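The values are calculated or read from the model by the stated rules, or taken from the named source; none is laboratory data. Computed from a predicted model, the values in this text were never measured in an experiment. Cβ sites come from the backbone with ideal geometry, for glycine too, and all protein chains shown count toward neighbours.
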Amino acid sequence: MRERIIFQSDGVFDDPFQVAGTLDVWQNNVAAHVVGNSRLTFALSAAFAGPLLYPTEDESGGFHFRGGSSIGKTTTLQIAASVWGNRDFIRSWRATSNGLESIAALHNDNLLLLDEMGQVESREVGQIAYMVANGTGKTRAGRSGEARKALRWRTIFLSTGEAGLADKIAEDGRGRRSAAGQEVRVIDIPADAGAGFGIFENIHHFDSPDAFARHLKSASARYHGAACRAFLEYLVKDFDGIAPTVNGYREEFLAELLPGKVDGQISRVAARFALVAAAGEMATAFGIVPWPEGAATEASRRLFQDWLDARGGTEPAEEREAISAVRRFIELHGTARFEPMGSLIPTTGNGDPIDVRINNRAGFRRMSEGGGVEYIVMPEVWKSEICAGMDATRVAKTLIARGLLVPGSGGKPQNFQRVPGSPNPIRCYLLSPEILGGADA
């Protein structure tokens, strides 16, 4: 008698890679209605980008649709999920970084969808962003102390939430800021397309955005999974030709969007938008999506520009954060922690100066020759408070380059100034009045 062995797993395995309906039916009911909607076209193009990561040696990364509730963000994920399978393809942000490791590994070389960033703890979201985009889980010890092999994956992921990554990280009130690396790995895109229909721009023949969204949700639930199989069949026919094809689309895309020299962060983000554009154009050329040529490229171009506008420019994120941190400190503590000097000292009706008590003093403020208020910041306050978590020297150089910090002799960041209570000039940082004037350059 043969021995009967029963495998009892600790977890429940679900298979979201299901197929329902034919490719033609999916095209007519889902993909065709995406035309004219930049966010939907982009999301559907991104769904085809995962299998291109390995042959092109591209890095993993994601896009986060940020916007208010009930504007169609989840609908966007549902139509992207329909490329690969059923609605179980959409995962929740409500998990720890450890819990999402196995989920990310299951989505290796395809698409990962994470809904509602607001459900995850703010202390976890930054770690998850790094982990998923880096494609590597934690290294752990085995039972005997040896290092276990860490999980690895390659994926393009789409995310939704009412708040962006930076806002979510700062939510815990501990002064945490998103790092530039996190913002490059998880690209924040305004979900509202600006046409008055939420995330939509063209609702076709439907009476309202709500009716359009209901149709897309219903169609995605009924017809799914066939598109990815057809796309993969075309890819394996000429696997060696994938990288040259993608690189051709990418070079054309970048040449148009970035004609001059830009910061590395910008070019890195643009390259991921270009990858999505290439995936959409390849799906169009293969006849997987019934779109006109160039539709995927135009959607990626539109969203890249929207990201750039929301970002506030092409300079490095660290430089924008440096200006923001200094400006924020002055806005919060300009009169409370900076002792007045000269004409700013309050006086009595007889013209006698009034002694002003400043608790926890950060420096001094006085009128500049041009008529604005300039701020003298003490060196230790500059390092330990204003520039906390940043390179204080780099912050100073950034502000000098933009005319927001007055340099000392020889262009040095610190300046010698005479202040009350000191017989000799002291080293300090002299902020120009433009620090509050909105001038970033």
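If I filter the stretch 205-225 for residues that are surrounded by 15 or more Cβ atoms within 10 Å (Cβ to Cβ), among the aromatic types (F, W, Y), in contact (Cβ under 8 Å) with a residue 40 or more places away in the chain and in a loop (DSSP other than H, G, I, E, B), do I get at least one hit?
Among the residues of the stretch 205-225, at least one is surrounded by 15 or more Cβ atoms within 10 Å (Cβ to Cβ), among the aromatic types (F, W, Y), in contact (Cβ under 8 Å) with a residue 40 or more places away in the chain and in a loop (DSSP other than H, G, I, E, B), which makes the answer yes.
Condition first: free of Cβ contacts under 8 Å to residues at least 40 places away in the same chain and either in a strand (DSSP E or B) or not assigned by TED's automatic domain parsing to the domain that holds P379 (or both). Now tell me which residues in the stretch 406-425 satisfy that.
Filtering the stretch 406-425 for residues free of Cβ contacts under 8 Å to residues at least 40 places away in the same chain gives 406-416, 418, 421-425.
Residues satisfying the conditions are V406, N415, F416.
Looking at the structure I just gave you, is I354 among the aliphatic types (A, V, I, L, M) and more than 23 Å from the chain's Cα centre (by Cα)? Step through it out loud before you land on a result.
Values: among the aliphatic types (A, V, I, L, M): yes; more than 23 Å from the chain's Cα centre (by Cα): yes.
Judged against the criteria, I354 is a match.
Across the stretch 365-384, what is the number of residues that are under 14 Å from I435 (Cα atoms), aliphatic (A, V, I, L, M) and crowded, with 18+ Cβ neighbours inside 10 Å?
3
Considering only residues of the stretch 146-186 that are buried (at least 21 other Cβ atoms within 10 Å of the Cβ), at pLDDT 85 or above and not hydroxyl-bearing (S, T, Y), which is nearest to I71 (Cα to Cα)?
Result: G161.
Here are some conditions: (1) at pLDDT 85 or above; (2) closer than 17 Å to E256 by Cα. A283 meets all but one. Which one does it not meet?
So the condition that A283 fails would be (2).
Any idea which of (1) β-branched (V, I, T); (2) under 16 Å from L158 (Cα atoms); (3) out of contact with any Cys (no Cβ under 8 Å at 6 or more places or on another chain) is the one V83 doesn't satisfy?
(3)
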